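Quick notes on the structure that follows.
The values are calculated or read from the model by the stated rules, or taken from the named source; none is laboratory data. All values derive from a computational prediction rather than experimental measurement. When we count neighbours, we look across all protein chains shown, and the Cβ atoms used for this are built from the backbone with ideal geometry, even at glycine.
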Amino acid sequence: MLLNKLKTTSSLTIMSYIVFALLFWCLPIFSNTLSDIYTHSFFSSTTVFILGLLLPLLQSVGLNNLIYEKDVIKKSNLVLAPVFLLLSTPFITQIDSWVISFLLLFYLNILFSAYQKDRPFSQSFNANFLLGIIAVFYSNILLLFPLVIITSITFRNINWRIIFISIIGLMLPFLFYWGFSIVFDYPFSVELPVFKFSAISFPFLNTLSYAQISWYSIVFIILIFSTLELLFWMYKKSIRSRKSFLIIITYIILLLFIDIDGSHFLIVTPISIVVANFFMYSKQKKLTNILFFLLVLASVYYRISI
């Protein structure tokens, strides 16, 4: 079935996915105009459309390659890319979240690269420098800073120099920003991050369309099975994969306190990894094929109904 085709990385599979991703993003404009769907307070509808066409697609492929190359999911496959894309179905105008989520893909890559390194100083600096750049514009992203420390503890390479270098990397973008403000007489203002739990809220059933109800229902069922799969079979994974999933779980928890662009798009990245793990490794093959097929149908139905 469809899911089995994605468990290979042939050229035909990759091209088919790219074509599907492009068509999937364009579904709403088959019955609406760009200005009706892709509205934004600052960017034009065309800009929103182009960014939404490119960024999630690039991130889905990049995330798929990252998780395979870092041995989080060992089998070569193309499952994670469409899972990420399908879980992004409701998010069609969240430009800020798209950009930040794409940048955080490099952040995750740096963190996972610290595995089996006795002195991951460059990884600690680079990860926090990138985090600092994002934090200059969105201060709440600083709440991800503990992830570097937790990663070092998980990979057993923590020491005081790691923490010190991490702080330096985090502060440098703010120093550059301060210097810029002095040279160009620009007001220097930095907001402190707000540590506030931002629970994922679901709208009331009577406010949802049939397309939304079907999509949320399928996603909810898949998330339950994916969580159970990870919890019950974690002990069978390799040491690197097991530690990586501990970092991913921590990543999910921290992102629950970060609400950017009025959406929870950032959390789609780690959740899609957990879901892809279920689709790849579950022994209930018929169930996974059925659920994945239903997810595709529900996502297409949702996008058409927007």
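How about the stretch 114-145: which of its residues are crowded, with 17+ Cβ neighbours inside 10 Å, among the hydroxyl-bearing types (Ser, Thr, Tyr) and out of contact with any strand residue (DSSP E or B) (no Cβ under 7 Å at 6 or more places or on another chain)?
Tyr115, Ser124
Ser189 - would you say it is surrounded by fewer than 19 Cβ atoms within 10 Å (Cβ to Cβ) and polar (S, T, N, Q)?
yes
Just give me the residues in the stretch 92-113 being more than 20 Å from Ile249 (Cα to Cα), hydrophobic (A, V, I, L, M, F, W, C) and out of contact with any Pro (no Cβ under 8 Å at 6 or more places or on another chain), in sequence order.
Those that are more than 20 Å from Ile249 (Cα to Cα), hydrophobic (A, V, I, L, M, F, W, C) and out of contact with any Pro (no Cβ under 8 Å at 6 or more places or on another chain): Ile95, Val99.
Can we say Leu12 is in contact with a Leu (Cβ under 6 Å, 6 or more places away or on another chain) and either buried (at least 21 other Cβ atoms within 10 Å of the Cβ) or more than 27 Å from Arg240 (Cα to Cα) (or both)?
In short, no.
Go over the candidates Ile18, Ile67, Ile95 one by one and state the one that is touching an Asp or Glu at 6+ places or on another chain (Cβ under 8 Å) and either at pLDDT 90 or above or of a type in the set (Lys, Arg) (or both).
Ile95
Do you know which residues across the stretch 26-53 are closer than 20 Å to Gly262 by Cβ, of a type in the set (Ser, Thr, Tyr) and either at pLDDT 85 or above or surrounded by 13 or more Cβ atoms within 10 Å (Cβ to Cβ) (or both)?
Within the stretch 26-53, Tyr38, Thr39, Ser44, Ser45, Thr47 meet the criteria.
Show the residue pairs meeting these rules: Cβ distance below 7 Å; 6+ apart or different chains; first residue within the stretch 133-150 and closer than 23 Å to Tyr115 by Cα; second residue at pLDDT below 90 and surrounded by 18 or more Cβ atoms within 10 Å (Cβ to Cβ).
Partner pairs satisfying both residue conditions: Leu143/Ile258.
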